[in-house]
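**Student:** The structure's right below; bear with me while I get my questions together.
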Amino acid sequence: MRILLVEDNDRLADLVGQGLRAGGFAVDAFTSLGDADAAMATVAYDAVVLDLGLPDGDGLDLLKTVRQRGDSLPVLVLTARDGVDDRVRGLNVGADDYVVKPFAMAELLARVRALLRRPGNALGVRLSCGQVTMDTTSREVWIAEAVVALPRRETEMLEQLLRRAGRVVPKRSLEEGLYGFDDDVSANTVEVLMSRLRKRLLQTGADVTIHTLRGVGYMLAETEAQP
Ligand code: CA
């Protein structure tokens, strides 16, 4: 799950970015409306955390543009303590929720997760394929009832595969879901992670296989019994 963070206060942006990443999200952080708008044109974000007072305008203008396109992308607005008007205006133009500054990171994380729990996103559920199960909130993974510790990026990748078990996940969408713009991505990063994940699944004797569809993507499926 990839979050667009628009906040021009560097310290706050760092804190929120770190908190969201620790919560298992990929985050792209921008300090202006212009940059955020450009990023949205190229990446399909799962949610936006939006400050209102930005150097090149009002965050609500970005929100209006999104809603005018008919896009129901979840948007959480960050408002000042005395900004009652901001909250009302925000909700009027289609914000899904707001958090008042200063806020506790745990609260922001909980609100973001709640937004993503809407139908279609289904965050906070147990995904499974064969003996492999994952809780998308606690980020725990079980293979045949045993908890397995996976590094963050492998967990993210497994989540995407599980969400579309039995169907092809395009390589491009795996890349987008895994990384923010700040992360170092090389051409074969997905291949490297996929090979580690495969090895791990094999070692645990899981009854699932990650199939490679060359030039297209990957598919997780239950391993067919040998005749
Ligand atoms: Ca600001």
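Quick note: the coordinates plus some simple rules give every number you see, no bench work behind them. Because the structure is a prediction, the values reported are computed rather than measured. Neighbour counts are summed over all protein chains in view; Cβ atoms, including those assigned to glycine, are modelled from backbone coordinates with ideal geometry.
**Student:** Return the long-range amide H neighbours of residue 137 (sequence gap of 5 or more, or a different chain), with a cut-off of under 5 Å between placed amide H atoms.
**Tutor:** It is 124, 125, by chain and number.
**Student:** With 10 angstrom as the radius, rank 72, 186 by how many other C-beta atoms surround their C-beta, starting from the fewest.
**Tutor:** 186, 72
**Student:** Let me ask something else about it. Can you classify region 2-117 as rounded, prolate or oblate using the Cα gyration tensor, where a ≥ b ≥ c are the square roots of its eigenvalues, rounded means a/c under 1.5, and otherwise it's prolate if a/b beats b/c and oblate if not?
**Tutor:** It comes out rounded by the Cα gyration axes.
**Student:** Which of 186, 70, 208 sits closest to the plus end of the dipole of the chain, meaning its Cα is farthest towards the positive end, when Lys and Arg get +1 and Asp and Glu get -1 on the C-beta?
**Tutor:** Checked the options; the winner is 208.
**Student:** Once amide H atoms are placed 1.01 Å from N in the peptide plane, what residues at a sequence separation of 5 or more from residue 75, or on another chain, have their amide H within under 5 Å of its amide H?
**Tutor:** Result for residue 75 returns 48, 96, 97.
**Student:** Would you list which aspartates and glutamates come within 14 Å of residue 199, measuring only between C-alpha atoms, while excluding same-chain residues fewer than 8 positions from it?
**Tutor:** Within reach: 154, 191, 207.
**Student:** Hey, another quick one. Gap in Å between the Cα centre of region 50-90 and the Cα centre of region 193-227?
**Tutor:** 42 Å
**Student:** Given +1 on the Cβ of Lys and Arg, -1 on the Cβ of Asp and Glu, and no further charges, what dipole in debye does region 44-87 carry about its Cα centre, rounded to the nearest 20?
**Tutor:** 180 debye
**Student:** Next up: Quick one: putting +1 on the C-beta of Lys and Arg, -1 on the C-beta of Asp and Glu, what dipole do you get for the chain around its Cα centre, in Debye to the nearest 20?
**Tutor:** 820 debye
**Student:** Quick check for me: using +1 on Lys/Arg Cβ and -1 on Asp/Glu Cβ, what's the dipole size of region 2-117 about its Cα centre, in debye to the nearest 20?
**Tutor:** Its charge dipole is roughly 480 debye.
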